[in-house]
Amino acid sequence: MRFLLDAEQRAFAASLDALLTAAGTPAVIRDWSRGDHAGGRALWSRVADAGVFALAVPEAYEGLGPRPVELAVAFVELGRHAVPGPLVETVTAAALLAGADPGTAERLLPALASGEAMATVAPEGAHALDGDAAAVRIAWAPGRIRLSPGHGPVRPSLDPARRLTPLLPGGDVLGLPTDEALTWARLTTAAQALGVGLALLDRTVGYVKQRTQFGVPVGSFQAVKHRLADAKIALEFARPLVFGAALTMEPADAAAAKAAACEAAYTTARTALHLHGAIGYTAEYGLSLWLTKARALRTAWGAPEECRALVVSATGDRRW
């Protein structure tokens, strides 16, 4: 099945790509990793001005959504440029708060839609992403959420740009359904991972065209071509699952998209590292910004085996 974006969606993706290319995201990512949020907040505001976060917020609360397909389009571009910050978590928080009492929703959702505030969400007792930058911090348990009053110390992460913090106890407790919010989290994580994988593939193809061995580009070697072809196929197989899940918003479809896209991005990251050689390991080289993100996204909001188990339980197909 082919999912083709219409002209407006393609133009939206192109405009985000141009915005993020001009923003110089590698420097923003490195500053964010050190706890300097100034550049990241400025970039966040520009992304919000493009309407990205409003796509997750209902029109009743000054948003444009919910519009999952357009949000998936946006998150592919955000992943392609490795934009830092609690992107998925802000969308997830919007999905949770849309079901809250009108007073809470009116107080918090407009700021998320406009980009004035970031949000983070984590299971109760787990570490939250970028709790030091978020204004809205939500601890999530089955059937209820808690608005945390603050955060604990920042902890290191596999991806330096993903800064982890515990959420403080206390705060208002809201009884809300959380299943739909998990679907949003997995969909946007899948789209982000797809973008990360595409960026890794593009960078690696460009590199093997320039690097020479035995007097010829290493990209001319058949073994290199096979590795890149495998990565390309994995990413292209994941793409329709991501946009298909955006159309249906079924939990099993989002889980399938998340498993496929994150595994494809991780496979592409391993290929990129292999073909770049030793330079790919260095933190100073830009490739590392995407390598670490691909690894972190693989287990965010559900490890591959957890997502596959959900697909199996929903379809009864034990061959998945």
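The values are calculated or read from the model by the stated rules, or taken from the named source; none is laboratory data. All figures in this text were calculated on a predicted structure; none of them were measured in a lab. Every residue, glycine as well, gets a Cβ built from its backbone with ideal geometry; the counts of neighbours run over all protein chains shown. When the accessible area is computed, the model is the full protein with side chains, heavy atoms only, and any ligands, DNA or RNA have been set aside. Shrake-Rupley method; radii C 1.70, N 1.55, O 1.52, S 1.80 Å.
With N set to the residue count of segment 7-177, report its C-alpha Rg divided by 2.2 N^0.38 Å to two decimal places. Walk me through the numbers on the way to the answer.
Numbers: Rg = 15.5 Å, N = 171, 2.2 N^0.38 = 15.5 Å.
My calculation over the Cα atoms of segment 7-177 gives 1.00.
So if R0 is 45 Å, what FRET efficiency would residue 41 and residue 233 give, r being the distance between their Cβ atoms, rounded to the nearest 0.05?
E between residue 41 and residue 233, to the nearest 0.05, is 0.75.
What does segment 226-282 give for Rg and for Dmax, in Å, if only its C-alpha atoms count?
In Å, with Rg to one decimal and Dmax whole: 13.6, 43.
For helix 7-23, report the angle its Cα long axis makes with the longest principal axis of the Cα atoms of the chain; keep it between 0 and 90° and round to the nearest 10°.
Around 80 degrees separate the two axes.
Put 232, 293 in order of accessible area, largest first, 1.4 Å probe: what do you get? Provide the component values of the computation, followed by the final result.
Working: 232 95, 293 10 Å².
From most accessible down to least: 232, 293.
When Rg is the radius of gyration of the Cα atoms in segment 180-317 and Rh is its Kirkwood radius, what does Rg/Rh come to? Intermediate results must be reported in sequence, preceding the final value.
Working: Rg = 16.2 Å, Rh = 15.4 Å.
My calculation of the ratio gives 1.05.
Given the protein chains as shown and a 1.4 Å probe, how many square angstrom of residue 211 are accessible, to the nearest 10?
Here the accessible area works out near 90 Å².
Working from Cα positions, state the angle (0 to 90°, nearest 10) between the long axis of helix 102-114 and the longest principal axis of the chain.
With rounding to tens, the tilt is 30 degrees.
Rounded to whole Å and sorted largest first, what semi-axes of the equivalent ellipsoid does the C-alpha gyration tensor of segment 249-320 yield via the square root of 5 times each eigenvalue?
Details: eigenvalues 184, 25, 12 Å².
Taking √(5λ) for each Cα gyration eigenvalue gives 30, 11, 8 Å.
Quick one: helix 38-49 against the long Cα principal axis of the chain, what's the angle to the nearest 10°, folded into 0 to 90?
Taking Cα atoms only, the helix is inclined about 80 degrees.
Taking 37 °C and 0.692 mPa s as the conditions, I'd like the Stokes-Einstein D for segment 142-193 in µm²/s, using the Kirkwood hydrodynamic radius from alpha carbon pairs.
248
Subtract the Cα-Cα distance of residue 299 and residue 202 from 0.36 nm times their separation in residues, and report this length gain in nm to one decimal. Numbers along the way, then the final one.
On the way: separation 97, 0.36 × 97 = 34.92 nm, distance 2.34 nm.
Length gained between residue 299 and residue 202: 32.6 nm.
Over segment 9-87, what percent of the accessible surface lies on carbon and sulfur atoms, probe 1.4 Å? Walk me through the numbers before you get to the answer.
Values: 1570 of 2950 Å².
Result for segment 9-87: 53 percent of the exposed heavy-atom area is carbon or sulfur.
Provide, as a two-decimal number, the C-alpha radius of gyration of segment 76-208 over 2.2 N^0.38 Å, N being how many residues it has.
Dividing the Cα radius of gyration by 2.2 N^0.38 Å gives 1.11.
Across all directions of projection, what mean area in square nanometres is found for the Cα convex hull of the chain?
Working: hull surface 66.3 nm².
Its Cα hull, projected and averaged over all orientations, spans 16.6 nm².
Debye sum, Cα scatterers, segment 280-320, no solvent: what log₁₀ I/I(0) at q = 0.34 1/Å?
-1.02
Note down the nm distance, to one decimal, between modelled labels 7 Å out along Cα→Cβ at residue 285 and at residue 3.
3.3
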